[in-house]
Structures are given as structure tokens and as C-alpha cells.
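Worksheet: one structure, shown below.
The values are calculated or read from the model by the stated rules, or taken from the named source; none is laboratory data. Quantities reported herein were computed from a predicted structural model and do not represent experimental measurements. Cβ placement follows ideal geometry from the backbone for every residue including glycine, while neighbour counts extend to all protein chains displayed.
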Amino acid sequence: MEFASPAFLFALPLALAPLILHLFYHRKRSTVLFSSLIFFVRREKYFAYRRRLLEVFLMLCRILGLALIVFALARPFFKKISFLAGAGTEAVIVLDDSMSMQRSVPGGRTAFEVAVRQAESLMNSLNKEDSAGLVFLSGKRGIEPTREKRKIVSALRKAAVTGCAGNLTLAVRRAVELLNRSQGINREIYLLTDLQETMLPKRKIMLSDWKNGRLFVIPVSGSSENCSLSGGIPDPSLKTPGSSVYLPFSIRNSSPRDRMFKAVLKITGNMVQSKMVSVKANSSANDHFVYVPVRAGRVDGTVSIDDPDVPLDNVLPFSFSVSDVMKVLLLTGGEGGSAPDPFYYLRMAVEPKKHAYGIEFTDATLKTLGAYDLKQYSLIFLSPESSFQPEAVGKLLDFIRSGGTVAALPESEGSSRFYSALAERSGGELPKIFGAAAEKSASGIIFERGLASLNDLLQLNLLRWRKLFDLNRQKANVLARCGFRSVIAEYSCGSGRLIALAFDLRHRFSNWPELKSFPVVMNSFVNYAAGMKSRTVHLTCGGTLNLKEKNLTFTDSLGASGSIPDGIFRETLLPGIALFSGGSCETAVMTPPERESSLKTIALSGMKQVFDSPVSLLTPDEEPGFQIARLRRGTDLAGISLLAALLLLTAEFILGSDLAGFRKRKGEL
């Protein structure tokens, strides 16, 4: 307990005045002669005992009444938080700028706008000598504690909602770090958030090591209805002018009513297609657009819906490249002699005439590989036979790690030097891919993952296998199998991958080159393998992209530009497309995390479970500055003291009057 006016406590001894007066004016006992008291003894004892009790009680009422009046004048109060009045305050505002803060609140504003107004109010409630800082939940740069609070207010007015999910733990720990470096005695953190359920960390935020600090949670309530877009990543196959590009998307309706949306496809800002999509309440609907590019180059576009809630998740950007000619390198061991061409049937299936289908084959050998610039090739078919060139192993490994794709055929029987050296040189990224060859009497093939659509197009029961190599399933994604045996497997390495075939493309392994399904499968396989080499990277807003090169520049779809001196691209706070000048990566597509579109919130009391130490929870129906000031002052007991004094003195008056009447009646007796 503390006192706002402790000087009045010096008057507390005056509360003993009734006791002093009682002792000073105490009536002496006198003896009265009477003939006989036999009929009055019991009655006299009873009345004397009751009178003494009443007198003691009245004296206590007077003493306590006067003491409570003195207490009321001294203004006693209990503090709920530790706060030293008169000392400077170091405060940090942790502002939730995640995408969910775009939720609407009564009055036509967003939760973020309300939070900014409350933050400005907190700045105005601080004294001139106090310091304040600003930390954003998204992780973007804030302001360290300063007495120039105009900087904080200016930054708040310029702030905007991001497309990120934000990290509550990192933001609070950053605020604690800033305050621990300060010299202030009173240290406070003001957390302004919408209490979104997906924002909560899996582990409690540690505040027990933060001494002399207080955390205030200031909630901003709003609507939980929202509709959002997800998906939108184009299929990874090769795209050429005149070919169809499949653009899938999904609409999530979180409102309690069925809704109809207008979905719009835009290319470079111009509307190309639109359609109406009906989505039931609290459910999703999947749909797609089909776009046919007419020329080669990069295609940037968006899919959008008309929904007023949380605009950032209503637009889905995408980007893909369209190639006039896809270059494929056919790489052999180059031993010459009478060895058959391992790619003869592949040429006949994919390129019966030169550039007939937008594909250009180039022949090379492992010995002459150094003369080729591998960056210009979308795909390399590799048949090392029994040849081994250490320089070629290193160059192919660099090609794969930089995002290229190698379709690997088995080596000659009894030889495994090339792929063994590739696995060893990769440092564990690639396993030893091929095992021993085995005679195989089986039929058919089943495709999976990116090639699974071929199962519905073709009848492959005529395919007869004679021989197959074993493929290592370690770190592999199986693309095709025959029974329980993997026949096509994909291995990741760096930014690229190696796709191993358990067979070569000649007759000695199967009758497949003679079948009509072979050209269809080989064309699909080439499109799948070559199309995956993309210079476009898809990121979630708030993430970072590690570029291989440094000192690059970028320009995004919002008109911002800048340099990337350290090779780490961090400007991913908003959905959109970023273009890089030079380097291995050409485009980055940023999309918001789907969990941010869920506007479900928790109760304010649930925030107590987020931290390992007590926090102060404020209510949204009153200005936070007033609530914080009241918590600093504590609970004022002056009114309660006056009320108690009034009740005691009233009781004293009533009982004292009764006692006087009692004495009068006794005198009459």
C-alpha cells in the first residue's frame, strides 16, 4: 500500500482522542446505601455488562472512524504494477502489421488504422523526458528508443500493413533487447494486436529474465469474415508460343453465407479473362484459367477476386517464361566405334524434323564438354557409357547445382565410375544412383507425380521389359515404377536435379521405342524435365532469398527499386513480383501466407498463456493511455475509507443515542 498524500498520516494519533477522553472523564464508582438488593442483583449485573460492551464498541467506532478519515485524506492506494512516479519511462511500441490487421472494424476503418491511432495516443500520454521506440511484428526496420517522439508519430503515420504473418516472439524479444540497453527505471512494452489465433507461438515467450519491465497487451477487435485466394503457381512444363498454360487457383470463403465472386485474369495489367465462381459458406472452391501465350518472353500477371475484406489476399501474382526454342544437349561418352547412338529413338520421337516442336538438339561428348556454355541449355541427356572424365563430372555438377536438370541413362554394364564420382564429388547431396542390372520379365509402367497425367492418356500394357537397372531410393522422388521397382527417379542437388532412368532408350531394355506411346511419353518427359529449370522463385511474404551473386539490383511490381549488396533479397513484405538484373535468378514472386487469411481470434485472457510472466491486459472499449495511467496509480482506497468512516460514525450515533435512552430509563427505575 502507498499514499498519495502521506503528510496527513501525522494526524493519525488524533484517532486516539476518544480513548483519552474516555479515560480522562471516567466516572468514579460511588457507594449508595440501600436496605436490600436481593431483587435487583441479577438485573443490575445484566444491564451493567451490556452497558460496558456498548461503551467499548462506541469508543472503537469513534477511533476507527477518525482513523479512516485520516487515511482518506492521505489517499491510500494499491499498485497493480511496479511504477516509480517521477522517474523517466522507456517505452517500446510493438505494432502488429501482419496482413490480418486489414480486418474491418466498426466505423469503416481497419484494425491497423485503429492500432496506429491508439499508438499515437500512447505517445501523447508520455512525458517530455520519456523515451519511446517502435518495433514491427513483420520484422521490418523500426525505431530505437528516442526522446524525439515526433519521429515515432511520423513513422506510425507512414506505416502500412504488410503481407507477412509476423513473428510475435522475435518482436517482443527485440523490444526487450532495446529496453535492456536503456538506462530508464520504468520500462514498458505496448503490444497492439488483433489477437489472431495463428499468430500465437508454439512455446511461451520468456519474460522472466526481464527485470523492472511491464508488458501491456492492447487488443484491437474486428470482423472475422474474409475471402481469400491461394494457388496460382503455373504448371512447371515447358511453355512455348501457342501452347496452353494452366493457371489454377482456389477461393476460400470464411463468411457464414454463400457468395459469388468474379475472378479476373490480368496479363501485364490488362484483363484477359474473367469468370463467376460460386463458393459455399465456410468452404473452398477450386478453379483455373487457361492462357495461351502468343510470343516468347516472360509473362507476368495476376488472378484476382472482388472482396472488400483484407485486400492483400485477393490478388495472386504469377510469372513464367515462354521459349521460342528449347535447347537440349545430348551428351555421350564419345568412345566412337560401332556403339549405337543412345539417343536415336529420342530424336525420332521428339524432333523428327529440325525445330519441328520448338526443340533443338545438340550433340556433345564428355571430352568436348568444356567448349559448351551449359547455361543456355534447358536439359542435358547423359549417357556416359564406360567413359570417365573428371573435368566433365565437375562441370555437370555445377550445372545441376545452378538449377539445371540432367536426365541420366545407365552406364555400360559393369561400369559405375562416372556416377560414383558424381556422388562423391557432390559431398552427399547425390547418392550412388545406379545399382546392378537385372533381367526383368514384366510389362507396363505407372507414372507418378509430375508425369501422373500420362496414365489416363495411354495404354501401356503392351510395354515389355527385358532388363532394368536398380535405382537407389535414398533421397529420391519416384516418377515411374513397374510393380515395386522404380524405373524413373528424381534426385535434388542444389537448385537443380538429376532424373535417373533405369533403362536406356534402345531395344535391348524393352520394346518401348517401337510403340506409339514412346513419342508421347518422351515429349512429356522432356517438357517436364526442361520446364523445371526456371529462373523464377516463389516466396512467402516476409521470407528472404539467397542469391548466388552480389551487388545486384531489383525492381518490383509496385515501382520500388534498390540494390542487393550482400546477395540476400529481403524486400518481400508485400505480394508482387520482383525482377533482378542479371544473375541466375530472374524473377521472385511473393505471395502472402495462407494462414494469415484466417481471421479467427482468441479471447483476451488467452494472452496470459503466451508469456511465462504476468502481463497487463487492457480492454478495447477505453483509451489505452487512461487504462495504463490507472494501472500505474493503482486502486485508490480514499473513497472506500470515507464510506467506512461514515458507516462507523452512523452506527456510533445510533447506538450512542440508544445507550443514552437506556441510561435514562435506568434512572427512572
* Structure fact -> Filtering the range 162-194 down to residues that are under 21 Å from the mean Cα position of the chain (by Cα) and surrounded by fewer than 23 Cβ atoms within 10 Å (Cβ to Cβ) yields 165, 167, 168, 169, 170, 173, 174, 176
* Structure fact -> The one condition residue 139 fails out of (1) touching a residue at least 24 places away in the same chain (Cβ under 8 Å); (2) of a type outside the set (A, V, I, L, M, F, W, C); (3) at negative phi; (4) in contact with a helix residue (DSSP H, G or I) (Cβ under 9 Å, 6 or more places away or on another chain) is (3)
* To do: Answer with yes or no whether residue 420 is within 28 Å of residue 235 (Cβ to Cβ) and among the polar types (S, T, N, Q).
  => no
* In this structure, is residue 584 part of a loop (DSSP other than H, G, I, E, B), touching a residue at least 40 places away in the same chain (Cβ under 8 Å), small (Gly, Ala, Ser) and out of contact with any Asp or Glu (no Cβ under 8 Å at 6 or more places or on another chain)? -> no
* Asked: Looking only at the range 414-460, which residues are among the basic types (Lys, Arg), crowded, with 18+ Cβ neighbours inside 10 Å and either on the phi > 0 side of the Ramachandran plot or assigned to a helix (DSSP H, G or I) (or both)?
  -> none
* For residue 495, state whether it is in contact with a Ser or Thr (Cβ under 9 Å, 6 or more places away or on another chain), modelled with pLDDT under 90, within 30 Å of residue 535 (Cα to Cα) and surrounded by fewer than 14 Cβ atoms within 10 Å (Cβ to Cβ). => no
* To do: Look at the range 502-533 and say how many of its residues are touching a residue at least 40 places away in the same chain (Cβ under 8 Å) and part of a helix (DSSP H, G or I).
  => 17
* Please go through the range 468-480 and pick out each residue that is surrounded by 17 or more Cβ atoms within 10 Å (Cβ to Cβ) and either out of contact with any Asp or Glu (no Cβ under 7 Å at 6 or more places or on another chain) or modelled with pLDDT under 90 (or both). => 468, 469, 471, 472
* To do: Please specify each residue of the range 323-368 satisfying the condition of being under 11 Å from residue 385 (Cβ atoms), modelled with pLDDT of 85 or more and among the aliphatic types (A, V, I, L, M).
  => 331, 366
* To do: Find the residue count for the range 243-257, including only residues that are over 25 Å from the mean Cα position of the chain (by Cα) and under 17 Å from residue 301 (Cβ atoms).
  => 5
* To do: Could you look through the range 268-316, keep only residues that are closer than 24 Å to residue 537 by Cβ and assigned to a loop (DSSP other than H, G, I, E, B), and pick out the one that is modelled with the lowest pLDDT?
  => 296
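Residue check: is residue 557 within 22 Å of residue 266 (Cβ to Cβ), of a type in the set (S, T, N, Q) and surrounded by fewer than 20 Cβ atoms within 10 Å (Cβ to Cβ)?
Values: within 22 Å of residue 266 (Cβ to Cβ): yes; of a type in the set (S, T, N, Q): yes; surrounded by fewer than 20 Cβ atoms within 10 Å (Cβ to Cβ): yes.
It is true that residue 557 is within 22 Å of residue 266 (Cβ to Cβ), of a type in the set (S, T, N, Q) and surrounded by fewer than 20 Cβ atoms within 10 Å (Cβ to Cβ).
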* Asked: Across the range 196-208, what is the number of residues that are surrounded by fewer than 21 Cβ atoms within 10 Å (Cβ to Cβ), touching a residue at least 40 places away in the same chain (Cβ under 8 Å) and not in a helix (DSSP H, G or I)?
  -> 7
* Structure fact -> Of the residues in the range 396-413, those that are assigned to a loop (DSSP other than H, G, I, E, B) and either crowded, with 20+ Cβ neighbours inside 10 Å or within 35 Å of the chain's Cα centre (by Cα) (or both) number 6
* To do: Give the residues of the range 288-310 that are surrounded by fewer than 18 Cβ atoms within 10 Å (Cβ to Cβ) and not aliphatic (A, V, I, L, M), sorted by residue number.
  => 288, 295, 297, 298, 306, 308
